[in-house]
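Undergrad: After the structure tokens below, expect a handful of questions from me.
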Amino acid sequence: MKRVFICPDFAYTNNQAIKIVEKVKEELSKRYKDEIIVALNGIDYEELMNGTQKKYFNNPMKFLAHSIDLMANADIVYFCYGWEKHNECKIERSCAARYGIDIIDEAKDSLR
């Protein structure tokens, strides 16, 4: 099993974020054919659908702490286009690099 943490551009709408997660899981399944891909996500699907995710967006430090906690269980961190525009994503990338979690950058390592 490969556990992937997906770091999206925060400009995505809820529906776009859900589609990104599904796209990344599908593409990684092609790359790692013998592995089950599990998305570890700082944004919960159900909370995305009903809009209750605000508890994290109102406090960026809580969101970052939650994300790093989830990312600690990841085998791969996938950075979507636009990640470099967000401080939280920069910190997550630094953590992944420093602690040896594999990084895939959508802009540089296309899964297509």
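The values are calculated or read from the model by the stated rules, or taken from the named source; none is laboratory data. Since the structure is predicted, the reported quantities are computational estimates derived from the model, not experimental observations. Every residue, glycine as well, gets a Cβ built from its backbone with ideal geometry; the counts of neighbours run over all protein chains shown.
Undergrad: Looking at the range 82-104, which of its residues are in contact with a Pro (Cβ under 9 Å, 6 or more places away or on another chain) and within 19 Å of A39 (Cα to Cα)?
TA: Of the range 82-104, the ones in contact with a Pro (Cβ under 9 Å, 6 or more places away or on another chain) are 82-83, 87-89.
Those that are in contact with a Pro (Cβ under 9 Å, 6 or more places away or on another chain) and within 19 Å of A39 (Cα to Cα): W83, E88, C89.
Undergrad: Taking only the range 87-104 into account, find how many residues are modelled with pLDDT of 90 or more and acidic (D, E).
TA: Going through the range 87-104, the residues modelled with pLDDT of 90 or more turn out to be 90-104.
Filter once more, so that each one left must be acidic (D, E): 92, 102.
Residues flagged as modelled with pLDDT of 90 or more and acidic (D, E) within the range 87-104 amount to 2.
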